[in-house]
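Peer 1: Here it is, the structure in full.
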Amino acid sequence: VTANGFTIGNQQVVTTANTRYEGGVLADLIVGTKVEAEGSISNGVLTATKVSFRDAVKIEGDVATVNGNTLTIAGLPGITVDVTTNTELRDVTLGTLAAGQHLRIRGKLGNGNSMIATRLELRSARSDVELQAPVQAITPETSIRLLGVDISTAGVSQYRDLTDAAITRSAFFAAARVNGLVKANGSLAGAAVTWNELELED
């Protein structure tokens, strides 16, 4: 992200005072945020007429704490979920959110290890935990960090590529990259999550 735009992959994107934003505002543009830019290209530079924010971050799990408009999720230490007036609430209201409820949350990156919820849905009780976010760090064959949570591969038995096809651990780590999207699935036992699947996302 630069003073007058950003890059997606190797594509430089310039924003102007006339650029329209959908699903967010200029201040929401941080490294790792998933966006779609529309506009015209001149000399290899895309001048954006519209920038649309996409839900790159997904979390599913049990509510650990509720503090005003901010939630934490059991087994995902350090991650906070911010609920705003623009958050779509399904089968629940902000006033009825409580510890122990199982939620499915979609949203975009916030500051630090936080997410801004765009949709929050109450689900039936289960032990499943899901965390999808841009990769922050990779330790080959051993772990991957998402929103400050180190996902150990010790219990992971399934690895999947962008087409959802099964791949080896080595193939997964060869394809994984910092700021690329990865989804981790596991189950909550007590206060900890045992991770069993890692999947590349786009």
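Peer 1: Using the Karplus curve 6.51 cos²θ - 1.76 cosθ + 1.60 with θ = phi - 60°, what ³J(HN,Hα) values do you get for each residue of segment 135-140, in whole Hz, with x for Gly and Pro?
Peer 2: For segment 135-140, the Karplus-derived couplings read 6, 9, 7, 10, 10, x Hz, x marking Gly and Pro.
Peer 1: Ok, one more. Mind computing the radius of gyration and Dmax over the alpha-carbon atoms of segment 64-202? Å is fine for both.
Peer 2: Rg then Dmax for segment 64-202, in Å: 15.2, 46.
Peer 1: Which loop GluC sites (Glu not before Pro) in segment 99-190, with loop taken from DSSP, have no more than 10 other Cβ atoms within 10 angstrom of their Cβ?
Peer 2: E141
Peer 1: Give the dimensionless ratio obtained when the Cα radius of gyration of segment 1-140 is divided by 2.2 N^0.38 Å.
Peer 2: Rg over 2.2 N^0.38 Å, computed on Cα atoms: 1.18.
Peer 1: Mind checking the full-extension length gain between A165 and D128? Use 0.36 nm per residue of separation minus the Cα-Cα distance, one decimal, nm. Kindly include the intermediate steps, with their values, before the conclusion.
Peer 2: Details: separation 37, 0.36 × 37 = 13.32 nm, distance 2.11 nm.
Contour length minus Cα-Cα distance gives 11.2 nm.
Peer 1: On full extension of the chain, what length is gained from L94 through Q136, given 0.36 nm per residue of separation minus the C-alpha to C-alpha distance? Walk me through the numbers on the way to the answer.
Peer 2: Values: separation 42, 0.36 × 42 = 15.12 nm, distance 3.01 nm.
Extra length available between L94 and Q136 comes to 12.1 nm.
Peer 1: Could you state, as a whole-number percent, how many of the C-alpha pairs of segment 41-84 are farther apart than 12 Å? It would help to have the intermediate numbers written out before the result.
Peer 2: Numbers: 666 of 946 pairs.
That tail contains 70 percent of the Cα-Cα pairs.
Peer 1: Ignoring ligands, DNA and RNA, what percent of the 1.4 Å accessible area of the chain is carbon and sulfur?
Peer 2: Values: 4790 of 10070 Å².
The C+S portion of the solvent-accessible surface of the chain is 48 percent.
Peer 1: Cβ under 12 Å from D28's Cβ, D28 left aside: what net charge do those residues give with Lys, Arg +1 and Asp, Glu -1?
Peer 2: Values: positive: K34, R54, K108; negative: E22, D82.
Here the charged neighbours net out to +1.
Peer 1: Any chance you could run the full-extension gain for E22 through A174? It's 0.36 nm times the residue separation minus the Cα-Cα distance, nm to one decimal.
Peer 2: Values: separation 152, 0.36 × 152 = 54.72 nm, distance 3.39 nm.
Between E22 and A174, full extension yields an extra 51.3 nm.
Peer 1: According to the square roots a ≥ b ≥ c of the eigenvalues of the Cα gyration tensor, what is the shape class of segment 75-130, taking rounded for a/c under 1.5, prolate for a/b larger than b/c otherwise, and oblate for the remainder? Kindly include the intermediate steps, with their values, before the conclusion.
Peer 2: On the way: a/c = 1.81, a/b = 1.14, b/c = 1.59.
Oblate, because a/c is 1.5 or more while a/b does not exceed b/c.
Peer 1: In terms of the Cα gyration tensor, with a ≥ b ≥ c the square roots of its eigenvalues, is segment 1-68 rounded because a/c is under 1.5, prolate because a/b exceeds b/c, or oblate? Can you show the working numbers first?
Peer 2: On the way: a/c = 2.88, a/b = 2.35, b/c = 1.23.
Note, shape of segment 1-68 comes out prolate.
Peer 1: Run the helix sum for the chain: -39,500 (n - 2.57) per DSSP H stretch of 4+ residues, divided by residue count, reported at 222 nm to the nearest 500 deg cm²/dmol. Intermediate results must be reported in sequence, preceding the final value.
Peer 2: Values: 1 runs with 7 residues, N = 202.
After summing the helix terms and dividing by residue count, I get -1000 deg cm²/dmol.
The values are calculated or read from the model by the stated rules, or taken from the named source; none is laboratory data. These figures come from a predicted structure and were not determined experimentally. Note that we place each Cβ from the backbone using ideal geometry, even for glycine, and neighbour counts take in every protein chain shown. In case anyone asks, the SASA skips ligands and DNA or RNA and just uses the protein heavy atoms, side chains included. Shrake-Rupley method; radii C 1.70, N 1.55, O 1.52, S 1.80 Å.
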